Structures are given as C-alpha cells and as structure tokens.
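Colleague: Before I ask anything, let me first share the structure, which is written out below as structure tokens.
The values are calculated or read from the model by the stated rules, or taken from the named source; none is laboratory data. Just so we're clear, the structure is a prediction, and the values are computed from it rather than from any experiment. So basically every Cβ, Gly included, is an ideal-geometry build from the backbone, and we count neighbours across all protein chains shown.
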Amino acid sequence: MKRLGSLISIPCALIIALAAYQAPAAVTDAKIETPVHEPGMQFLSKSVLSVIEESVFEVVTSKPVKDSLSYEKPLPLDLIPFAIRNDKYYSIGTAFAISPTEFLSASHLFDIGIESQFRDYYIRDRKGNVFEIDEIFKFSDEQDFIIFTAKGKSVKNTLPARESYTLNEQVYAVGNALGQGVIVRDGVLTSTTPEEEKGRWEWLRFSAAASPGNSGGPLLDREGKVIGVITRKSENENLNYALPVSKALGAARGLAVSHKRVKYSLVNTRKKKFVEYDYQAKLPKKFSEFNAEMTRSLKGFIGATHVSFLSENRESFFPRGKGSQNLLYSNYTPGFPSVIAEDEDGEWTPFKPKSVSRSNLDANGFFQYGELGGFIFIYFQKPDDMPLSDVYANPRRYMDLVLKGSTYNRSVMNEKIRITSLGDPVENFTHVDGYKRVWMVHVWQLEYNDSRVLTFTLLVPGGAVVIMKSGQTGVVNEFVTDLKTLADFVIYPYYGTFRQWEEFLKCGPYLPGAFSGIQFSYKPGAKALLKTARFSMEYTPELFPIADQSDMSLKFAFYPDKNAVVWDICGVTMGENKGNNNHVAMFRELKPDPALKESFQIRWGKIAAREHPFNGVSYTYEGSTYIHAPCPGYGKGTPSGNYLYTVRVGMEGNVEAAKIEKKLNGAMAVITLYE
C-alpha cells in the first residue's frame, strides 16, 4: 500500500539486474471475509457492519496464466494456502460504493499511465463474484482517488459520507488487509498534514493499523460515516494517511487530473532537470481507453524531457564538455566494461564496478560481473562449444548460461527456487549508438510478478559485453531510452585469441562501424597480418611463435581527429599467448592540447625527444624486459605533428639487450603507416 509521493525521480540509475524481484507486497490472493474486529475496540453497530459487508470490495487483477520460466525443481505451490493457491486473481486493494453504481478507491492501485501486463481490474464481493472495472468518472493521481463503475454491479446500501472531522476522535480503518479479507481496525484521528508540494489540501493521519491491501478502503467515524479514503501508510510509525472523502466527492465530474513533479537525470552526470507534468482528460472513458491515453501522455512527456535534458546539456557532456580533455588524450581502454561519468570535480572519467565477481562455466566459459550505478555490467566469455553467432541468433542460450553461473530465485512462501531459464525474449531489436557500435537489445518477460529483464549486448572476440537491468514492466520499458543514451559513454576491451578474432570478424552486421576497414588473417607457424585504414602490422615467427592461442588486443578509444571526436583504433598488442608476457605492441600517441596538465606535456616531450623509456634502450620492470621507441617508417605521407606511433616489445624475464633490440627492429620492419 505504500505509494510514491508527488515527486517522482526518473534517473538512469537502475536497480540491480537479476535481483530476486518480487511481486508488490499488496499482491496476494484471498477471498473477502466477514468483517473482523480487533480485540479491545468499541464495536461498530450491526447495521454498519451489514453495510460494510455489502458495499466494501476487494480490488483484484487476473493472475497470469503463462509462465515462461524454467526452474531447478518444481515450484512447491502446495506451501501456499489453499484459498490463495486456487484463486485466479491477485488481491491488491480495496474499493467501496458511494452510490448504487459508483465506487471509490485509491488510484495508485491501478497503475494508471504505467505499462504493465496487468491490464484488467475487477472488484470482488464477499461471495467471490467479480465485476470488471468499466467506466472512469473521476480521477486524480495527485490526490490518489478514482471513481468508477463496474460491469453488472450495483448495491442497495452504501456508507454515508461526512465532510467534517474532529481530531482525536475514534476512527475505523476498513479494508482488505494483506489481501486476506475485509477487516475493521480502530484507532484515533491524530492529526492533519499539508499536501507536500504547495499545501493545497490536508491529509488525514490516523493511528488505526493499515496494511498492504487497505489502500482504497474507507476510513469511518464511530457512526460508520466515511471521512476519508485510505491511501498510504507511514514507513516507520503507525500514523497512516487518508484523503478527506470530501476532496474526492467534491472534485469535478467528468475530469481526470494528473500532476507530477519530476526529477530527471542520467546516472553518469551530476546534472538534473526538474519539471512538472500536468495533464487533464475528459471523462467518462472506458478503463482500458483511459489507461492507454494516460500511458501515451506520460511516456511522451518522459521522452520529451529526455530530449530537452540532452539538448540543454549536450555542450557540457563528454566529449564536448569541459573536463573531457584528459580522457580524449589518454587513449584509455579499460580491462573491464566501464562508463564515462562526470566526477565531483567535473572531470569525465571512466568508472568501473568497485567489485567484480567471476562465475566459471563449462568448456572454458566464464562471466565476470559487477554493479555500477544500478546496472549490472557483464563480460561474457562463451564456452568453447558455443558458436559466437549464438549470442545474437540464440539469446536464450547465453542468458541461460548467465543464470547457470548466478543465483536468481523465485520465492514461494519461504522457499527460494532457482530459475534456470527465462525462456525466449519477448522483444529483440538492435540499437546503433553514436559511434556506430551495434547493440543487441533483448527483453524477457517474467509473468509471475509483472517484471522484465532487459539486456544491451555487444559482441567482442570470444563473447559479449552485456548491460543488464530488471524491474517492473513499465519501469524497464522507460529505461530503454536512457540506455540508448548511456551506450555512447560505454568503453570496453577488445581482446581474444587469434582463433576468436577470426570468428568475431565474420559477424559482419554486428560489428562496429570502426571495424569496416579492419582485416585480420593468420596461419599457425607462418604469420599474422592486421590491416586497418591507419596502419598495417605483420606478426611473424621471428618475433614470437604463432598459433591458434596466440592473442591480440585492439585498443579502441575516444580521441580528436580532423575536428571531430572519433571512437577508433589507437593501438594493438599481439602476443604469444595469454599465459606469458611475450608481445609486440604499437600505439598511436597524440600531441596533447597545451591546456592539459603537465604530465601529458612531459610524456609527449619524452616521446618526441626519444627519451627514456622511448629511446630504444631495454629496461626491466616487474620481472619482464621491455624496449620502446617511436616508429620511424611512414608509408603514404608523413606525420602531421599532432601524433606519433610508438612500438614496444616485451619479453618475460631478464633478456639480453641485443636480443630484444633485434625483436624491436624486426617489428618496426613489418609496420606500415598510412596516415
């Protein structure tokens, strides 16, 4: 029954994906019972109780029939009480009659304007008869009330309304507490408190107990007159809230009013946008029509807010904004998928999860994962017996593998049952980000609790980079737009064995645009050849042995190029295998902007002047020997003065200078620069 206040936040920070998202607390199953009194209270009269039995109803919605999930073992549904287990409906709240044909309830029960798999709502009487919500005549999400009719349902007796109230008088909270039947609990009308935004009306506060399921029920005085509509409960104390019933009964008939204060932000920036959403609709309307209209309106508003937020801040965001330069001139590539975010000093800096865990799979597969800003970031290394094409052609398989290496449970009473498969996604499409990287987008529906799992996936050699989020259906749908924006700020490594690279480069439609000019081939024991639009590089047995398990890392980064910022190759490392440090590497080094800090200027000065460690003289560091120098050879053209290429050779152990110098000279001899 707890509900959001009038200020809603729509950040791009998402809840942890694959957390055991459960149905809302108010969503339980029970049939309405004869009203029950709490011990020690002053009883309402029998005539009032009789009217309560006739005029107070459960609000219910149909349970999903389909379940796309698979489980480690059968669900122990027999642990659920018989009545709940065999009910076809979720019981979510309370409504009561205010005339022979009209009913009043709390609007938040119906999730008006929020996408959901729950589309049909009903009221249910004490005999178990259900009546579908028909037409809406009044609505306010700000004051949290809705007045409607139900198909085929009328009542003879209703609880009278009383517009006035007296502090410290005895009151009775009537409702479908915990979805287990209508009960009556007493307390005191303790106080009133102004509406949170501008104090335009006062909420009633009362001490009678209220539980999930009480929302929408009447708050009565000792004579059985309605003084309020129960809306929410206090988080930490037994002081619960109700709207004075006069506000609902006195509202304009034939009008729906929606008002929200919205705080909009993206997870990777400190900037925020505060806006107000106001919408009015003429009534009456059928429930489904009204809900669809409100959903379109709110979705359009959030989309427009997103667009205006980006437009207002575009010049201050990476890569245009102040604080971008350090990253643009560092050629930084992380070892784990990261997000470029604005830090406290206004610098745009890569952030990765503070803690990264690993789960091993069969056939050398594994995945690493960590939480960052409410997202789950995953690096997925496919098993050897899984073709890379399955990542885009068979998303169910890779998601099943993620579930195999993680713990994602469905709770049934106090038992946790492991979910082994989400089934096939209900939505599949691609998103090409601002740097022409192709993200595969998949959405899985979890019918049992109206939630979804969303993934944005990029192919990399041997596997994929995945961003994951889960939550209520409508929330996940809204975050697709934010993730499309956030995709432009994601950086990640491209590393794999020669065999994995060969397979990866055959996945044409799913490769980033920057790979359109990249060619790679190899023959074990012979040579490997990498050719790009900027350079070509051979890797020969004279350097190090060549085999299927030889490895290569292509270094991609954001950097300025011809008056624009590009995401392109800026280096390559080829090695004997991932088990040792024998390698050859080449880097595209940028001349720093004069405004950059001194460390950038010093590094560039050393490269241009061929000073240590860029002087072609070997040195040892942490058990390996290195040699590093600017590349002397250019093919077509000469360097512009804004960049230089350097070449580095690394070998394990303490290696003689002559031996590693020969390797460096051999590497430089098979490099051709095209820019």
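Colleague: Would you mention how many residues in region 36-69 are at pLDDT below 95, in a strand (DSSP E or B) and in contact with a helix residue (DSSP H, G or I) (Cβ under 6 Å, 6 or more places away or on another chain)?
Modeller: 0
Colleague: Any idea how many residues of region 242-258 are surrounded by fewer than 20 Cβ atoms within 10 Å (Cβ to Cβ) and over 19 Å from Pro284 (Cα atoms)?
Modeller: 1
Colleague: Give the residues of region 582-606 that are part of a loop (DSSP other than H, G, I, E, B) and within 38 Å of the chain's Cα centre (by Cα), sorted by residue number. First the steps, then the outcome.
Modeller: Pass one, region 582-606, residues part of a loop (DSSP other than H, G, I, E, B): 582, 591-597.
Matches in region 582-606: Pro592, Asp593, Ala595, Leu596, Lys597.
Colleague: If I ask for residues that are part of a strand (DSSP E or B) and either polar (S, T, N, Q) or surrounded by fewer than 20 Cβ atoms within 10 Å (Cβ to Cβ) (or both), which ones from region 531-544 would you list? Even if it seems obvious, please write down each step before you answer.
Modeller: Here is the first cut: in region 531-544, the ones part of a strand (DSSP E or B) are 531, 535-539.
If the condition is that a residue be part of a strand (DSSP E or B) and either polar (S, T, N, Q) or surrounded by fewer than 20 Cβ atoms within 10 Å (Cβ to Cβ) (or both), then Lys531, Ser536, Glu538 are the ones that fit.
Colleague: Kindly check whether there is at least one residue in region 134-155 that is surrounded by fewer than 18 Cβ atoms within 10 Å (Cβ to Cβ), assigned to a loop (DSSP other than H, G, I, E, B) and in contact with a Pro (Cβ under 8 Å, 6 or more places away or on another chain).
Modeller: Yes.
Colleague: Moving on. Could you count how many residues in region 545-574 are assigned to a loop (DSSP other than H, G, I, E, B) and buried (at least 21 other Cβ atoms within 10 Å of the Cβ)?
Modeller: Of the residues in region 545-574, the ones assigned to a loop (DSSP other than H, G, I, E, B) are 545-550, 562-563.
Those left that are additionally buried (at least 21 other Cβ atoms within 10 Å of the Cβ): 550.
So the answer is 1.
Colleague: Taking region 160-182, which residues are within 16 Å of Lys225 (Cα to Cα), part of a strand (DSSP E or B) and touching a residue at least 60 places away in the same chain (Cβ under 8 Å)?
Modeller: Selection gives Ala161, Gln170, Tyr172, Ala173, Val174, Gly175.
Colleague: May I pose another question? Looking for something over 24 Å from Asn642 (Cα atoms) and not acidic (Asp, Glu) - is there at least one such residue anywhere in region 319-333? Show your work before the answer.
Modeller: Taking region 319-333 first, the residues over 24 Å from Asn642 (Cα atoms) are none.
No, every residue in region 319-333 fails to be over 24 Å from Asn642 (Cα atoms) and not acidic (Asp, Glu).
Colleague: Another question about this same structure. Condition first: part of a strand (DSSP E or B) and among the small types (Gly, Ala, Ser). Now tell me which residues in region 453-463 satisfy that.
Modeller: At the first step, the residues of region 453-463 found to be part of a strand (DSSP E or B) are 453-460, 463.
Scanning region 453-463 gives a single hit, Gly463.
Colleague: Looking at region 416-452, which of its residues are touching a Leu at 6+ places or on another chain (Cβ under 8 Å), assigned to a strand (DSSP E or B) and closer than 19 Å to Phe118 by Cα?
Modeller: Across region 416-452, the qualifying residues are Val443, Trp444, Leu446, Arg452.
Colleague: Please go through region 70-119 and give me each residue that is in a loop (DSSP other than H, G, I, E, B) and charged (D, E, K, R), ordered by number. Quick ask: steps written out before the conclusion?
Modeller: Kept after step one, since they are in a loop (DSSP other than H, G, I, E, B), are these residues of region 70-119: 72-76, 80-81, 86-88, 98-102, 106, 111-119.
Within region 70-119, Glu72, Lys73, Asp87, Lys88, Glu102, Asp111, Glu115, Arg119 qualify.
Colleague: Kindly indicate the residue of region 337-355 that is in a loop (DSSP other than H, G, I, E, B) and touching a strand residue (DSSP E or B) at 6+ places or on another chain (Cβ under 6 Å) and also surrounded by the fewest Cβ atoms within 10 Å (Cβ to Cβ) among those meeting that condition. Spell out the reasoning first.
Modeller: Going through region 337-355, the residues in a loop (DSSP other than H, G, I, E, B) turn out to be 337, 343-347, 352-355.
In the following step, the residues that additionally are touching a strand residue (DSSP E or B) at 6+ places or on another chain (Cβ under 6 Å) were identified as 337, 343, 352-353, 355.
Numbers: Pro337: 26, Asp343: 12, Lys352: 17, Pro353: 19, Ser355: 9.
Looking at the filtered set, the residue picked out is Ser355.
Colleague: What pairs come out if I take residues in region 340-354 that are within 27 Å of Ile378 (Cβ to Cβ) and pair them with residues that are part of a loop (DSSP other than H, G, I, E, B) and among the hydroxyl-bearing types (Ser, Thr, Tyr) whose C-beta lies under 6 Å away, six or more apart or interchain?
Modeller: Within 6 Å, the pairs are Glu342/Thr269; Trp348/Ser324.
Colleague: Among the residues of region 318-333, which ones are under 17 Å from Asn268 (Cα atoms), part of a loop (DSSP other than H, G, I, E, B) and touching a strand residue (DSSP E or B) at 6+ places or on another chain (Cβ under 6 Å)?
Modeller: Phe318, Pro319, Gly323, Ser324
Colleague: Go through region 499-513 and give me each residue that's out of contact with any Lys or Arg (no Cβ under 6 Å at 6 or more places or on another chain) and buried (at least 19 other Cβ atoms within 10 Å of the Cβ). Spell out the reasoning first.
Modeller: Residues of region 499-513 out of contact with any Lys or Arg (no Cβ under 6 Å at 6 or more places or on another chain): 499-511.
Within region 499-513, Gln500, Trp501, Phe504, Tyr510 meet the criteria.
Colleague: Give the residues of region 464-494 that are part of a strand (DSSP E or B) and aliphatic (A, V, I, L, M), sorted by residue number.
Modeller: The first filter runs over region 464-494 and keeps only residues part of a strand (DSSP E or B), leaving 464-472, 490-491, 494.
Of everything in region 464-494, those that are part of a strand (DSSP E or B) and aliphatic (A, V, I, L, M) turn out to be Ala464, Val465, Val466, Ile467, Met468, Val490, Ile491.
Colleague: Restricting attention to region 443-460, and to residues there that are under 30 Å from Ser516 (Cα atoms) and either in contact with a Lys or Arg (Cβ under 9 Å, 6 or more places away or on another chain) or among the charged types (D, E, K, R) (or both), which single residue is surrounded by the fewest Cβ atoms within 10 Å (Cβ to Cβ)?
Modeller: In the first step, residues of region 443-460 are kept if they are under 30 Å from Ser516 (Cα atoms); the result is 443, 454-460.
Checking which are either in contact with a Lys or Arg (Cβ under 9 Å, 6 or more places away or on another chain) or among the charged types (D, E, K, R) (or both) leaves us with 443, 454-456, 458.
Details: Val443: 18, Leu454: 24, Thr455: 25, Phe456: 22, Leu458: 23.
The selected residue is Val443.
Colleague: With respect to Asn577, is the statement that it is loosely packed, with under 15 Cβ neighbours inside 10 Å and either in contact with a Cys (Cβ under 7 Å, 6 or more places away or on another chain) or of a type in the set (S, T, N, Q) (or both) true? Outline the logic, then answer.
Modeller: Numbers: loosely packed, with under 15 Cβ neighbours inside 10 Å: no; either in contact with a Cys (Cβ under 7 Å, 6 or more places away or on another chain) or of a type in the set (S, T, N, Q) (or both): yes.
So Asn577 does not fit the description; no.
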